[in-house]
1. Computed FRET efficiency, Cβ-Cβ of residue 36 and residue 86, R0 25 Å: what is it to the nearest 0.05?
2. Determine the distance separating the Cα centre of the stretch 63-121 from the Cα centre of the stretch 3-20; give it in Å without decimals.
3. Once every DSSP H run of n ≥ 4 in the chain is given -39500 (n - 2.57) and the sum is divided by its residues, what mean residue ellipticity at 222 nm do you get, rounded to the nearest 500 deg cm²/dmol?
4. Restricting to Cα atoms and excluding each atom paired with itself, what does the Kirkwood estimate give for the stretch 1-128 in Å?
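What follows draws every value from the coordinates through simple rules; no lab data is involved. Bear in mind the structure is a predicted one, so any value in this text is a computation, not a measurement. Using ideal geometry, Cβ is built from the backbone for each residue, glycine included, and neighbour counts are taken over all protein chains shown.
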C-alpha cells in the first residue's frame, strides 16, 4: 500500500552523521518530501510536542525552498505530534501544523487557525493547480 513502510526494522535504524562535520555544519534530515507533478515541492518536518526546529535545520529549509522556488512553487511545513509511545506510529496527515514557509512569501508563518498537515498540503496544491 502506498505510503506504508516496507521494512519497519530498517526504518528504525539511525543514520549517524557524526563523521560528516563541515565547520559547524552537519547533515539534517527531512521527515517527508513530495514532488508534485513537476509543479511544486512540499517539505514536511514533524517534531514531538514543543521541540523546536534547530537553527541550522530552519536555515537549510528556508534556503532549499528559496532555491527550488526559482523553478516551482514550494512549501516547508513544521508540524507537531504528541504520540508518547515510541512503539506507536505517528500519523503525519493529522499532525497539527505549527508553522510553514512559503516560497512566494519568503518567510515563516503561523496558521491563523488550527490546521492539519493534510489540510494545509491540500490547500497549497489547490493553489498550485490554479483552482
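1. Values: r = 31 Å, r/R0 = 1.23.
Calculated value: 0.20.
2. With the stretch 63-121 and the stretch 3-20 each reduced to a Cα centre, they are spaced 21 Å.
3. Working: 3 runs with 30 residues, N = 131.
Mean residue ellipticity, 222 nm, calculated: -6500 deg cm²/dmol.
4. On the way: mean 1/r = 0.0630 Å⁻¹.
15.9 Å is the Kirkwood radius here.
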